[in-house]
1. When all alpha-carbon pairs of the stretch 16-77 are counted, what percent fall beyond 18 Å?
2. To the nearest 10 degrees, how steeply does helix 80-95 sit against the main Cα axis of the chain, on a 0 to 90 scale?
3. Loop-only trypsin sites (Lys or Arg not before Pro) in the stretch 1-58, please: DSSP not H, G, I, E or B, and at most 11 other Cβ atoms within 10 Å.
4. Report the paramagnetic label zone for residue 161: residues of the stretch 202-232 whose backbone N is under 11 Å from a point 7 Å from Cα along the Cα-to-Cβ axis.
5. May I ask what percent, to the nearest 5, of DSSP beta bridges between residues of the chain are antiparallel?
6. Could you list, bin by bin from short to long, the percent of Cα-Cα pairs of the stretch 1-137 in 5 Å steps?
7. What do you get for Rg/Rh of the chain when both radii come from the Cα atoms and Rh is the Kirkwood radius?
8. Got the relative contact order for the chain handy, in percent, Cα pairs under 8 Å and 6 or more residues apart?
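Readers should treat all values here as calculations from the given coordinates under stated rules, not as data from a laboratory. Please read these numbers as outputs of a predicted model, since none were measured by experiment. Cβ atoms come from the backbone with ideal geometry, glycine included; neighbour counts cover every protein chain shown.
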Amino acid sequence: MGFLEGKTAIITGAGLAKLKDGSPGAIGYGIAMAYAKEGANLVITGRNVKKLEGAKEELEKNYGIQVLIVQADVNAGADNKAVVQSVVDQAMEKFGRIDVLINNAQASASGVTLADHTTEQFDLAIYSGLYATFYYMQACYPHLKETKGSVINFASGAGLFGNYGQSAYAAAKEGIRGLSRVAATEWGPDGINVNVVCPLAWTAALENFQDAYPDAFVANVKMPPMGHYGDVEKEIGRVVVQLANPDFKYLSGETLTLEGGMGLRP
């Protein structure tokens, strides 16, 4: 096993999804695979229990680690602080420690222009992304302070570069980046490093988008200079693992674009 053996990671939005060829097709699940390979026990959350159960079965069978699944949905109509606290309490009851928090979950109404966005669509992105990250970071903080752990939050090129039709999504993701930078400043003295990843990977959702809206796909989805889209485990998950590696502890408050050369910025 690897450097995370005996440690615990919480990964939001980590249900099982596969591509047509049977390979992993969700970023959260790809991250879970990478962490499992390093020996971490996992707490995975999501809205779809069936997908969580599928992830648990495969991860435990293939890597010999323990997985706790918790259905959790941060949304405008929920007592979100209580929802998140329940996840954290169950994680502590099961494993007794939290070493890594990965805020990956996000929903949005992509493709709707700013002028046409409804309040409900805006709330969908802000609650599932920004508020969820806020509540999970607050709830995990005392435990991460004990373990001198790591936080990895997810943002997007949509916010970095102002992608068409992604106003609420971009707003949520840029809010997450700001929150992460403040946390890196405030939590650095506690030994907690906080970083942000902006990924571009080939997922089941992207595959479905290509099938359903081929013209929109061609117009909006560009091939990175590297000539391929990221693999959710090998090219996204393994970087997220390294952000929890003691060798990278001095790296904090940064945004990493894993977009195969497409995320260039000053």
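1. Distances greater than 18 Å cover 31 percent of the Cα pairs.
2. Rounded to the nearest ten degrees, it is 40.
3. Values: sites: 7, 18, 20, 37, 47, 50, 51, 56; in loops: 7, 20, 47.
Passing both the DSSP loop test and the Cβ count: 20.
4. Taking a point 7 Å out along Cα→Cβ of residue 161, the residues of the stretch 202-232 whose backbone N falls under 11 Å are 220-225.
5. 5 percent
6. P(r) for the stretch 1-137, in whole percents per bin: 2, 11, 19, 22, 19, 13, 8, 4, 2, 1, 0.
7. 0.94
8. 21 percent.
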